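A quick write-up on the structure given underneath.
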Amino acid sequence: MRVRVPATSANLGPGFDALGLALELYDDVVVRVTDEAGLTVDVAGMGAASVPRNARHLVVKSMRATFKVLGGAPAGLEVVCANRIPHGRGLGSSAAAIVAGVVAARGLVVGGSERMDDAAVLAHAAELEGHPDNVAACVLGGLTIAWNDESGARAIKVPVSDALAPVAFVPGSSSSTKAARKLLPESVPHADAVANAARAALLVEALRSHPDDLLGATEDRLHQPYRAEAMPKTAALVAELRDAGIPAVVSGAGPSVLALTTTDSRDRAVTFARRGWSALPLDVDRKGAHLAPL
Ligand code: HSE
């Protein structure tokens with residue numbers, strides 16, 4: 001079985017832990033079950049030098065967590081990963097690995113899709129990840145709004161303009177989402193919450209049909225200011241792009257930057273790439289995680 005999962009950019013400025021956008025950059029995971037007990041993990045591409053080749057591999061952990069829910073764990077597993085999503089850059093590599101594991105395990109269990117629909121995949125993957133914004137976009141594709149209620153994580157996919165043509169600016173070094181979450185305060189001023197609520201609501205509409213409002217719609221006061229000191233180069237690039245009128249945000253918890261450009265403004269944005277950074281023009285993925293032919 002082969003599963004294809006997209007990169008994702010979370011937050012998109014004001015939509016902390018809620019908004020997510022899937023991008024056309026994919027990890028592929030091929031899983032084979034074996035009658036003989038055992039586990040082999042083979043990884044090529046991003047993270048190949050560092051990820052564990054054992055039960056601690058994130059795809060394997062996620063598969064095993066899913067077999068616990070659905071039953072049907074096979075005796076042995078062979079997992080082969082072709083990774084294109086850079087690790088530790090705020091482009092959803094961990095959400096992609098988790099979702100790949102859940103979707104692969106569901107696909108291997110008889111009746112898995114009937115017993116775990118996409119909404120349940122999302123809730124289960126969000127629990128494993130700890131926050132729902134990346135996994136929502138990874139599962140559903142496109143632009144997603146995620147939230148938590150008493151049943152767990154939920155999300156909807158909302159329309160996004162065909163003109164949207166983002167650019168991801170990816171630095172050579174990585175950072176940790178866990179560390180970046182520790183930089184956030186327990187509470188924020190009411191005025192900042194008000195500003196973000198308005199911007200997040202506007203952003204959904206701007207991404208759908210008002211790209212001219214994207215610069216104002218991507219202002220954030222809830223996370224980017226608190227994390228800026230820990231990632232000065234990211235903050236400087238966001239400021240430089242925004243000063244030039246380009247709607248740029250920190251991608252997820254950073255350190256990558258996402259410019260929400262359109263087909264008309266993308267080429268200009270790419271010229272802002274600095275030394276040590278790659279500028280990746282990435283179209284919006286509209287399909288989300290799916291089983292792909294072997
Ligand atoms: N919403 C999460 C955060 C995204 O900013 O911590 C992490 O990719």
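Maximal additional length on extending the Asp264-Arg32 stretch stands at 79.1 nm, based on 0.36 nm per residue less the C-alpha distance. Checking the Cα-Cα distances for Lys68/Lys182; Lys178/Lys287; Lys178/Lys233; Lys157/Lys182; Lys182/Lys233 against a 26 Å cut-off, the pairs over it are Lys68/Lys182; Lys178/Lys287; Lys157/Lys182.
Placing +1 on the Cβ of each Lys and Arg and -1 on the Cβ of each Asp and Glu in the chain, which of Leu184, Pro281, Val31 has its Cα farthest towards the positive end of the resulting dipole? Result: Val31. Distance between the C-alpha centers of segment 142-188 and segment 89-118? Whole Å please. Taking the Cα centre of segment 89-118 as reference, the centre of segment 142-188 is 18 Å away.
Here the chain is treated as a Stokes sphere of Kirkwood radius computed over C-alpha pairs; at 20 °C and 1.002 mPa s its diffusion coefficient rounds to 112 µm²/s.
As a fraction of the 1.4 Å probe accessible area of segment 167-281, surface on carbon and sulfur atoms comes out at 53 percent. Taking only protein heavy atoms and a 1.4 Å probe, the accessible area of segment 9-55 is 52% carbon and sulfur. Extending 7 Å from Cα along the Cβ direction at Ala197 and again at Ser50 yields two label points whose distance is 3.9 nm. In the neighborhood of Ser50, defined by Cβ-to-Cβ distances under 14 Å, what is the net charge if each Lys or Arg adds +1 and each Asp or Glu adds -1? Residues near Ser50 contribute +3 overall. Just round it to a whole percent: the fraction of Cα-Cα distances in segment 48-189 exceeding 28 Å. Above the 28 Å cut-off, segment 48-189 has 24 percent of its Cα pairs.
Mean residue ellipticity at 222 nm, helices only, the chain: -10000 deg cm²/dmol; runs of at least 4 DSSP H residues each add -39,500 (n - 2.57), and the sum is divided by the number of residues. When only the Cβ of Lys, Arg, Asp and Glu is charged (+1, +1, -1, -1), the dipole of the chain relative to its Cα centre reaches about 720 debye.
The modelled label-to-label distance for the pair Val80/Met1, using points 7 Å beyond Cα in the direction of Cβ, is 1.7 nm. The relative contact order of segment 199-294, computed from alpha carbon pairs under 8 Å that lie at least 6 residues apart in sequence, is 17 percent. Volume per residue of the convex hull around the Cα atoms, evaluated for segment 163-205, comes out as 111 Å³. Under a Cβ-Cβ cut-off of 15 Å, what is the net charge of the residues other than Ala217 that fall near it, where Lys and Arg count +1 and Asp and Glu count -1? Every neighbour counted, the sum reads -1. The Rg/Rh ratio of segment 167-281, with Rg taken over Cα atoms and Rh as the Kirkwood radius over Cα pairs, comes to 0.96.
Using θ = phi - 60° in the Karplus curve 6.51 cos²θ - 1.76 cosθ + 1.60, the 3J(HN,Hα) couplings for segment 175-190 round to 9, 9, 4, 4, 5, 5, 6, 6, 7, 7, x, 5, 9, 10, x, 4 Hz; x is entered for Gly and Pro.
Each part gets one Cα centre, and for segment 244-280 versus segment 8-44 those centres are 23 Å apart. In this rough spin-label picture, where each label sits 7 Å from Cα along the Cβ direction, the His190-Val69 distance is 3.9 nm.
The values are calculated or read from the model by the stated rules, or taken from the named source; none is laboratory data. This is a predicted model, so every value here is computed, not measured. Glycine also receives a Cβ, built like all others from the backbone with ideal geometry; neighbour counts cover every protein chain displayed. Heads up: the accessible areas ignore ligands, DNA and RNA and are worked out on the full protein's heavy atoms, side chains in. Shrake-Rupley method; radii C 1.70, N 1.55, O 1.52, S 1.80 Å.
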